[in-house]
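Colleague: Following this message is one structure expressed as structure tokens.
The values are calculated or read from the model by the stated rules, or taken from the named source; none is laboratory data. Everything numeric in this text was worked out from a predicted model, so none of it was measured. Neighbour counts run over all protein chains shown; Cβ positions are idealised from the backbone, glycine included.
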Amino acid sequence: MTPNPSRVSVIIPVKDDAGVLDLCLQLLALQSTPPLEVIVVDDGSSDGSGAVATRHGARVIPSRGTGIATARATGFDAATGDLLATLDADCRPPTDWIEGITDGLRDPSIAAVTGGARFHDGPRPLRAVAAAVYLGSFFLWVTLALGHPPVFGSNYAMRASAWRAIRGDVHLDDKLLHDDMDVSFHLGPDQRIRYSRGLQMSISMRPLFDARSFVLRMRRGFHTVFLHWPSELPWSRWVRSTRLGRRIA
């Protein structure tokens, strides 16, 4: 069945992101294909992020303050759309982002679609190189670990039915978990994740300038991989993934 563009729910987890959230919501309002709803999950903000979201007409849902994995899952659970799209508060979606998501999920055999990104801040001469190294490394090493492309947390969407299928398996109470990698583990290789070159996002370079944040991201990645071993070792997933077939567009 071809997805109906009006059935796309957008989920944004936030914590003290009022300034960047304002621009993100402005850009979502300019989408060539409007979403059914925008859900902002407030994970215990103290800076008025919820008020910003309300001003833009977003649906605000409180989370229990236990981290981004729980916040994003709270939004997925509350969404009413057939497709669940997610990005971060400091993202700047292009006007055809939702249109690209619906195109990427037009094939009913695809459970999720994801894409790449570019940096919209930081030293201008370094943006392209930094994005290529940072995101290229993520997709390369995580694909090797998973046996298929992962979803990228700042730029992906999946069918609501796919979320319901994995909802009981994702590790929501582990604060060290890398939530998009965990979703990727449970979606694939038995459900197809499509990497679409045309689905792009503009993201912030700020995590690269915070050494502690960068190290934490690395720890989360390794922790998430090891958490799924030995039952989900790379070679066994590659065999299953090859049988299912993958797609890059």
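Colleague: Looking at (1) surrounded by 19 or more Cβ atoms within 10 Å (Cβ to Cβ); (2) of a type in the set (Val, Ile, Thr); (3) over 19 Å from the mean Cα position of the chain (by Cα), which is the only condition Thr70 fails?
Modeller: (3)
Colleague: Condition first: touching a strand residue (DSSP E or B) at 6+ places or on another chain (Cβ under 6 Å), hydrophobic (A, V, I, L, M, F, W, C) and farther than 17 Å from Asp179 by Cβ. Now tell me which residues in region 41-77 satisfy that.
Modeller: Selection gives Ala53, Ala58, Val60.
Colleague: Oh, and also: Is it the case, given these coordinates, that Ala78 is within 20 Å of Met201 (Cα to Cα), of a type in the set (A, V, I, L, M, F, W, C), surrounded by fewer than 19 Cβ atoms within 10 Å (Cβ to Cβ) and at pLDDT 95 or above?
Modeller: No; evaluated as a whole, the condition is false for this residue.
Colleague: Now a separate question. In the list Ser49, Ser32, which residue meets the criterion of being of a type in the set (Gly, Ala, Ser) and surrounded by 15 or more Cβ atoms within 10 Å (Cβ to Cβ)?
Modeller: Of Ser49, Ser32, the one residue that is of a type in the set (Gly, Ala, Ser) and surrounded by 15 or more Cβ atoms within 10 Å (Cβ to Cβ) is Ser49.
Colleague: Could you pull out the residue among Arg55, Arg118 that is of a type in the set (D, E, K, R), surrounded by fewer than 20 Cβ atoms within 10 Å (Cβ to Cβ) and in contact with a helix residue (DSSP H, G or I) (Cβ under 7 Å, 6 or more places away or on another chain)?
Modeller: Checking each option against the conditions leaves just Arg118.
Colleague: Let me ask something additional. Name the residues in region 222-242 that are in a loop (DSSP other than H, G, I, E, B), of a type outside the set (A, V, I, L, M) and surrounded by 12 or more Cβ atoms within 10 Å (Cβ to Cβ), would you?
Modeller: Passing the criteria: His228, Glu232.
Colleague: Is it the case that Ala165 is in contact with a His (Cβ under 9 Å, 6 or more places away or on another chain) and either at pLDDT 95 or above or not charged (D, E, K, R) (or both)?
Modeller: So Ala165 fits the description; yes.
Colleague: Does Gly57 satisfy the criteria of being among the small types (Gly, Ala, Ser), more than 20 Å from Thr114 (Cα to Cα) and in a loop (DSSP other than H, G, I, E, B)?
Modeller: yes
Colleague: Taking region 130-162 as the search range and keeping residues that are surrounded by 14 or more Cβ atoms within 10 Å (Cβ to Cβ), closer than 21 Å to Ser241 by Cα and hydroxyl-bearing (Ser, Thr, Tyr), which one is modelled with the highest pLDDT?
Modeller: Tyr156
Colleague: I need a count of the residues in region 140-172 that are hydroxyl-bearing (Ser, Thr, Tyr), closer than 15 Å to Ile110 by Cα and within 13 Å of the chain's Cα centre (by Cα).
Modeller: Counting residues in region 140-172 that are hydroxyl-bearing (Ser, Thr, Tyr), closer than 15 Å to Ile110 by Cα and within 13 Å of the chain's Cα centre (by Cα) gives 1.
Colleague: Also, I was wondering about something else. Would you check which residues across region 13-26 are out of contact with any helix residue (DSSP H, G or I) (no Cβ under 6 Å at 6 or more places or on another chain), surrounded by 17 or more Cβ atoms within 10 Å (Cβ to Cβ) and not basic (Lys, Arg) and list them?
Modeller: Val20, Cys24, Leu25
Colleague: Looking at (1) in contact with a Phe, Trp or Tyr (Cβ under 8 Å, 6 or more places away or on another chain); (2) surrounded by fewer than 21 Cβ atoms within 10 Å (Cβ to Cβ); (3) free of Cβ contacts under 8 Å to residues at least 60 places away in the same chain, find the lone condition where Arg127 falls short.
Modeller: Of the numbered conditions (1) in contact with a Phe, Trp or Tyr (Cβ under 8 Å, 6 or more places away or on another chain); (2) surrounded by fewer than 21 Cβ atoms within 10 Å (Cβ to Cβ); (3) free of Cβ contacts under 8 Å to residues at least 60 places away in the same chain, the odd one out for Arg127 is (3).
Colleague: Name the single residue, out of those in region 184-216 being basic (Lys, Arg) and either farther than 29 Å from Leu25 by Cα or modelled with pLDDT under 85 (or both), that is surrounded by the most Cβ atoms within 10 Å (Cβ to Cβ).
Modeller: Applying the filter and picking the extreme gives Arg192.
Colleague: Okay, next question. Is one or more of the residues making up region 128-136 touching a helix residue (DSSP H, G or I) at 6+ places or on another chain (Cβ under 6 Å) and farther than 18 Å from Ala160 by Cβ?
Modeller: There is no residue in region 128-136 that is touching a helix residue (DSSP H, G or I) at 6+ places or on another chain (Cβ under 6 Å) and farther than 18 Å from Ala160 by Cβ.
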